[in-house]
Amino acid sequence: NLVEVDPARAREAAAKAERTARAALTEVRAAVSDLRQASLDAELESARETLSSVGVELVTRCDRSLRLVGSTEHELALALREAITNVARHARARSCCVSLSVVDEELRLVIADDGTGGRHRAGNGLAGMRERISVLGGRVEWSGSAGTTVTIAVPLRVAT
């Protein structure tokens, strides 16, 4: 309707819509790119900020000499993100420890908090984590007796 009544204004509105769409596309591409390139270092920094914002101290014990395969690091980083989100939302913890080490030919990422623990229903986040890690031949273990501990183990041969 505007094209017939005020063509100049219609062109201006179309140009504005195009600029908005291009900006949105740029933002979506950046978000997808961030997901594709998830790294443990970036997720640990994000975890520190996230947990600090809810009063939880983060302690890390990571073997910095490990050189991980990109796809494995990506999946571990996403698993770490999910575990930290759960700590921040549900644990009511004071501290959380993240460790990354090699044990018995496995790369193990362990996220342990001193929160409420107990029996919790496994949600979509944990199910998705298990699915992604199982593709690597790994496993996810969860215990919640004194705080909560999530252990993610991946065969060393696919991790490094």
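The values are calculated or read from the model by the stated rules, or taken from the named source; none is laboratory data. What you see is a predicted model; the values in this text were computed from it and never measured. Please note: Cβ atoms are built from the backbone with ideal geometry, for glycine as well, and neighbour counts cover all protein chains shown. For accessibility, only protein heavy atoms count, side chains too; no ligands or nucleic acids. Shrake-Rupley method; radii C 1.70, N 1.55, O 1.52, S 1.80 Å.
Counting only helical runs of four or more DSSP H residues, what would the 222 nm mean residue ellipticity of the chain come to if each run contributes -39,500 (n - 2.57) and the total is spread over all its residues?
-16000 deg cm²/dmol
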- State the percentage of accessible surface on the chain attributable to carbon and sulfur atoms; use a 1.4 Å probe and exclude ligands, DNA and RNA. 50
- For the chain, longest principal axis from Cα atoms; helix 7-36 axis from its Cα atoms; angle between them, nearest 10 degrees, is 10
- Item | Accessible area in the full protein assembly, largest first, 1.4 Å probe, for HIS90, HIS74 | HIS90, HIS74
- Query: Which value, in debye to the nearest 20, describes the size of the charge dipole of the chain about its Cα centre when Lys and Arg Cβ atoms bear +1, Asp and Glu Cβ atoms bear -1, and nothing else is charged?
  - Reply: 200
- Give the relative contact order (percent, whole number) for the chain; include only Cα pairs under 8 Å separated by 6+ residues. 20
- Can you work out the FRET efficiency for the pair VAL103 and SER145, with r the C-beta to C-beta distance and R0 = 22 Å, to the nearest 0.05? 0.60
- Task: Would you grab the residues whose amide H sits under 5 Å from the one on LEU107? Only those 5+ places off in sequence or on another chain, please, with H modelled 1.01 Å from N.
- Result: VAL154, LEU156
- Work out the FRET efficiency for ARG61 and LEU156 from their Cβ-Cβ distance, taking R0 = 30 Å, and round it to the nearest 0.05. 0.95
- Pulled fully out, how much extra length does the chain show between VAL3 and GLU131, if you take 0.36 nm times their separation in residues and subtract their Cα-Cα distance? 40.9 nm
- Item | Where the chain is the region considered: accessible area per residue in Å², 1.4 Å probe | 62
- Scalar couplings 3J(HN,Hα) for segment 70-77 by Karplus 6.51 cos²θ - 1.76 cosθ + 1.60 (θ = phi - 60°), nearest whole Hz, x for Gly and Pro, are x, 5, 5, 4, 4, 5, 5, 5
- Query: In degrees between 0 and 90, to the nearest 10, how far off the longest principal axis of the chain does helix 40-53 point, with axes built from Cα atoms?
  - Reply: 90
- Note on the structure: The set of residues whose placed amide H lies less than 5 Å from the amide H of LEU136, leaving out same-chain residues fewer than 5 positions away, is none
- Of all alpha-carbon pairs in the chain, indicate the percentage at a distance above 29 angstrom. 32
